[in-house]
Amino acid sequence: MRSVFVRRATKITVACLTAVLISSCSGGEPEGGSVPFVISGGPGPATVWAIGDAGHLGERERPVARLIADANPDRLLYLGDVYETGTAEDFEDYDALYGDLAQLTAPTIGNHEFPNRAEGYDPYWESKKGRTPPAYYTTDIAGWEILSLDSQIFGDDQGEQLSWLRRKVAGPGNCRLAFWHEPRYSAGETTGGGDEPGVDDLWQSVQGKAALVINAHDHNMQRMKPVGGTVQFISGAGGHGFRYPLDEDDPRFDFLDEDHDGALRIRLSPGRATLDFVAVGGEVLDSSEVSCSRG
């Protein structure tokens, strides 16, 4: 369910000083020469995994975490939701699953951990990265710009994030991957799934400017048909709770799966991405390829 809380993007202040390896801002990633929250990768090919709704030390979550760790990823996108409510204790479970990949991880906050972010999400990532996590930020890998956005900022409080985002995507090309927790579109059939109009401003800002959008929130796997040059994926089959049922007849989607736990593997290279939904055990359930222009 969508959180009723509002996360306000914090303005960059004098306290946002650049350290030797990190900076300490709590709003959007600062412009200029400071080292970002997530260090950029090299220009060559890279393998990125994306998963959400996985941060609980349960019997189904463990195999998903092992699937990703055994693949030796170059980057992990954690798409949000550390269960049940993102407390410090809940993040101890998350750490047991994904802590070894923390330095490779680009996270975004989910609705479950959002209310307790001052106790769980913020101090956990500060302990791993050396600074309070920005609500939104950018990094680069394999010729792609990666944009982490916050779907818990909505309504009038989205303004600062949207202004930042629109500046970031104003340049030429569309070799960008944007990710946040709650999907704009979903074939989910329950209150835990379905379309989320509250993030439409995020979607409209990146449509056609980012070749890929990756979300979670729904406990399943989905690949949408391209919309205006952007393909949306949902990778929320991290193993927590029941798998949300899907409308198999939804004509907007090319792939839907509610039967497996697994994650999205994204092989990035300049101008191209190959994406595979991989189930626990290694079976590839769906493969697709997306091309992009670098300018």
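Each reported figure results from applying straightforward, stated rules to the coordinates on display, with no laboratory input. Computed from a predicted structure; not experimentally measured.
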Could you give the alpha-carbon Rg of the chain over 2.2 N^0.38 Å, rounded to two decimals?
0.90
Got the relative contact order for the chain handy, in percent, Cα pairs under 8 Å and 6 or more residues apart?
20 percent
Which semi-axes, in whole Å and largest first, does the equivalent ellipsoid of segment 63-189 have when worked out from the alpha carbon gyration tensor as the square roots of 5 times its eigenvalues?
24, 19, 15
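Please label the shape of segment 111-164 as rounded, prolate or oblate, based on the square roots a ≥ b ≥ c of the eigenvalues of the alpha-carbon gyration tensor (a/c under 1.5 means rounded; beyond that, a/b larger than b/c means prolate, else oblate).
Note, shape of segment 111-164 comes out oblate.
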Please work out whether segment 114-200 counts as rounded, prolate or oblate from its C-alpha gyration tensor, where a ≥ b ≥ c are the square roots of the eigenvalues and a/c under 1.5 means rounded, while otherwise a/b larger than b/c means prolate and anything else oblate?
oblate
No solvent, one uniform scatterer per C-alpha: report log10 I(q)/I(0) for segment 55-135 via the Debye equation at q = 0.11 1/Å, two decimals.
-0.25
Beyond 17 Å, the calculated P(r) of segment 225-295 holds a percent of Cα-Cα pairs equal to 50 percent
Gap in Å between the Cα centre of segment 165-179 and the Cα centre of segment 43-99?
26 Å
Please build a GNM for the chain, connecting alpha carbons under 10 Å apart, and tell me which residue among Trp164, Trp180, Trp49 fluctuates the most.
Trp164
Lysine pairs in the chain with alpha-carbon atoms under 29 Å apart, 8 or more places apart or on different chains: how many are there?
10
